[in-house]
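*Asks:* Have a look at the structure that comes next, please.
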Amino acid sequence: MKPTATWQLAPEFEPPNWFVQEIAQFTPQLSRCDRLAQILGQRGIQNRETLAHFLSAGQYT
């Protein structure tokens, strides 16, 4: 018998306005940031410090 895959869905996260605005400052090329805010929030990035660290290009060079 083959094992079956089980999807694990991230918990719902409704990003607050300040969070969406913070993302907009880091990603001015995006016209809308609400979906990105939701995805990042679902992945545990939910405060200014972690967001700044994650979105800072200097962290990846």
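The values are calculated or read from the model by the stated rules, or taken from the named source; none is laboratory data. All of these numbers come straight from a predicted model, not from anything done at the bench. Using ideal geometry, Cβ is built from the backbone for each residue, glycine included, and neighbour counts are taken over all protein chains shown.
*Asks:* Kindly indicate whether any position in the stretch 29-38 is in a loop (DSSP other than H, G, I, E, B) and touching a helix residue (DSSP H, G or I) at 6+ places or on another chain (Cβ under 6 Å).
*Replies:* Yes - at least one qualifying residue is present in the stretch 29-38.
*Asks:* Let me ask something additional. Residue under question is THR61, and the condition is that it be without any contact (Cβ under 8 Å) to a residue 24 or more places away in the chain, among the polar types (S, T, N, Q) and either touching a strand residue (DSSP E or B) at 6+ places or on another chain (Cβ under 9 Å) or surrounded by 10 or more Cβ atoms within 10 Å (Cβ to Cβ) (or both); does it hold?
*Replies:* So THR61 does not fit the description; no.
*Asks:* Next up: Does any residue in the stretch 25-48 that is farther than 11 Å from ALA10 by Cα and of a type in the set (Asp, Glu) come within less than 6 Å, Cβ to Cβ, of a residue that is modelled with pLDDT of 90 or more and part of a helix (DSSP H, G or I) six or more places away or on a different chain, and which pairs are these?
*Replies:* ASP34/VAL20
*Asks:* From the residues in the stretch 1-33 that are under 18 Å from PHE54 (Cβ atoms) and exposed (fewer than 11 other Cβ atoms within 10 Å of the Cβ), which one is nearest to the chain's Cα centre (by Cα)?
*Replies:* Result: TRP18.
*Asks:* Suppose we keep only residues that are among the β-branched types (Val, Ile, Thr) and part of a loop (DSSP other than H, G, I, E, B) within the stretch 39-61. Which one would you say is nearest to GLN21 (Cα to Cα)?
*Replies:* My answer is ILE45.
*Asks:* From GLU14, GLU22, grab the single residue that is modelled with pLDDT of 90 or more, part of a loop (DSSP other than H, G, I, E, B), touching a helix residue (DSSP H, G or I) at 6+ places or on another chain (Cβ under 9 Å) and not aromatic (Phe, Trp, Tyr).
*Replies:* Answer to the check: GLU14.
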